[in-house]
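Down below is the structure, laid out as structure tokens.
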Amino acid sequence: MSYRDALLAAIAANLYEDTPRLALADWLDERGEHARAEFIRVQVELEPIRDQYELPRAAELHARERDFGSRGLHQHDEARAWLGAMPPEWDDWRKAIKLEFRRGFPDTLALPARTFLELGAELRHLHPTIRRVVLFRVNGYGERIASCPALEGLAELELACWYHPQDAEAIAQSAHLKQLQVLVFWLGTVWYGQPDVRTCRIFGASKAWPNLRELTLLNPYAEKERTRKKLVTTLNKAAGREIAVYRVGYPALFPFAPDFWYAFPGFLPNGRMALGIEDHRTNPPGLCVITFDKRGKQTKEVIRVPAPDELLAVPTDAWFQHKDRLQQQLVDVLGFTPGFIRIRDCRFPNDEHQYNSPSPEMIGELGQLDTDDEASWDQFPEGFGGRAWRDVHTGEWVFGWDRYGDKSGRIHST
């Protein structure tokens, strides 16, 4: 075994430790593989603050990570080369495979159940650093997944979809999950009466994973929270120990970065969070500022700020070209401090559009079980859960009626 292989083996054997990863980065540096070494160090440092975009260092590391194309490997030749030889057509859209690097190495493998049965063993063999497997379209595949040797030695499993309790029963009896440490399953199946309660009891009572330290109940879009939080008690009772964790997948607080181009986030002198926006409906046009309490909930306070005199001669549809001047006006008049804020759903006065999470119409078939016909596989192979997982994983949220933001607090797409 080469020294490189020995270090990779050490990483695979200690998935939650950074020391062997950094040791490999040092070794790569000594051999001139500086980009690969830097990428490992960037992601190792970023991991504990990955979602803390308000920290300047986190923003710097995210920007450097994007330079490497860590999430879009097919678009970045250098990062793609780090994957080495992969199965033919592994990145074909019909396979619906998503492979994400974390802490410098392939870490999260997300794919439909059928693709996992086909390629899971090969992908895990090629990349033993894979920590979590995320499965879509489990409905009807429970027995086949449970008997699949590709699960052997897996540390974390997420069932990002909805399925019949019989599938849960099969997985809860798998002989290949003895090393599992974390299991995540999604709440909210809309068929078969009360499957959430039944699934909690099935997974809680399972003896298939003696090393399990966390069983996460994920509420993808924070619906029916009061009822679903009580399922923690149901699961713990079935398990006979405190193991259940309730989490919300979609953010309850939506981020706005200081350089958000469509609005002005920041703080008033008293520390209260505030969000300003151009208001073209007043005469003369100006700026409107709404405020929030410490929990991010909008208050009744609305502050009107006059526009700078020099901008009154500029057509309002061209004000976006003078964003810095408008922000400075808030600083001068209110003592406003631009900054990163996280707030809940909000609405500006006289604004027909709200800034919020996806509407029920956008969510569509959330909670539905996937069918196993070829037409559905050809149309969206990742299934209903896969589409929802993409929303939850990337943290996209609705801004107005035609824009989307992301976890970094910036416009993602239009």
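Can you find even one residue in region 9-19 that is under 30 Å from Phe254 (Cα atoms) and out of contact with any Leu (no Cβ under 6 Å at 6 or more places or on another chain)? Talk me through it step by step, then tell me what you get.
First, pick out the residues of region 9-19 that are under 30 Å from Phe254 (Cα atoms): 16.
Keeping just the survivors that are out of contact with any Leu (no Cβ under 6 Å at 6 or more places or on another chain) gives 16.
Checked against the condition, which is being under 30 Å from Phe254 (Cα atoms) and out of contact with any Leu (no Cβ under 6 Å at 6 or more places or on another chain), region 9-19 yields at least one hit.
Identify all residues within region 249-305 that are basic (Lys, Arg) and in contact with a Gly (Cβ under 7 Å, 6 or more places away or on another chain); write none if there are none.
Of the residues in region 249-305, the ones basic (Lys, Arg) are 272, 281, 294-295, 297, 300, 304.
The answer is Arg304, and nothing else.
Within the set of pairs 6 or more residues apart or between chains, which connect a residue that is touching a residue at least 12 places away in the same chain (Cβ under 8 Å) inside region 53-65 to a residue that is of a type in the set (S, T, N, Q) and in a helix (DSSP H, G or I) with Cβ atoms less than 7 Å apart?
Close Cβ pairs satisfying both conditions: Glu65/Gln43.
If the requirement is being assigned to a helix (DSSP H, G or I), surrounded by fewer than 20 Cβ atoms within 10 Å (Cβ to Cβ) and assigned by TED's automatic domain parsing to the domain that holds Leu369, which of these qualifies: Glu100, Glu122, Glu60, Glu89? So that I can check it myself, show each step before the final result.
Numbers: Glu100 fails: assigned to a helix (DSSP H, G or I); Glu60 fails: assigned by TED's automatic domain parsing to the domain that holds Leu369; Glu89 fails: assigned to a helix (DSSP H, G or I).
Answer to the check: Glu122.
Under 8 Å between Cβ atoms, which residue pairs at least 6 apart in sequence (or on different chains) link something in region 204-232 that is more than 22 Å from Pro165 (Cβ to Cβ) and not assigned by TED's automatic domain parsing to the domain that holds Ala388 with a partner that is crowded, with 19+ Cβ neighbours inside 10 Å and of a type in the set (Asp, Glu)?
none
Just to verify a result, which residue in region 247-260, among those that are more than 16 Å from the chain's Cα centre (by Cα) and within 22 Å of Asp391 (Cβ to Cβ), is modelled with the lowest pLDDT?
Keep residues of region 247-260 that are more than 16 Å from the chain's Cα centre (by Cα), which gives 256-260.
Add one more test, that the residue is within 22 Å of Asp391 (Cβ to Cβ), and what stays is 256-257, 260.
Details: Phe256: 91, Ala257: 91, Phe260: 82.
So, considering only residues that are more than 16 Å from the chain's Cα centre (by Cα) and within 22 Å of Asp391 (Cβ to Cβ), the one modelled with the lowest pLDDT is Phe260.
This table checks each residue for (1) modelled with pLDDT under 90; (2) surrounded by fewer than 18 Cβ atoms within 10 Å (Cβ to Cβ).
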| position | (1), (2) |
| --- | --- |
| Ala307 | no, no |
| Lys323 | no, yes |
| Asn356 | yes, yes |
| Pro360 | yes, yes |
| Asp370 | no, no |
| Glu382 | no, no |
| Tyr404 | yes, yes |
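The values are calculated or read from the model by the stated rules, or taken from the named source; none is laboratory data. These numbers were taken from a predicted model, which means no experiment stands behind them. Heads up, the Cβs are rebuilt from the backbone with ideal geometry, glycines too, and the neighbour counts pull from every protein chain shown.
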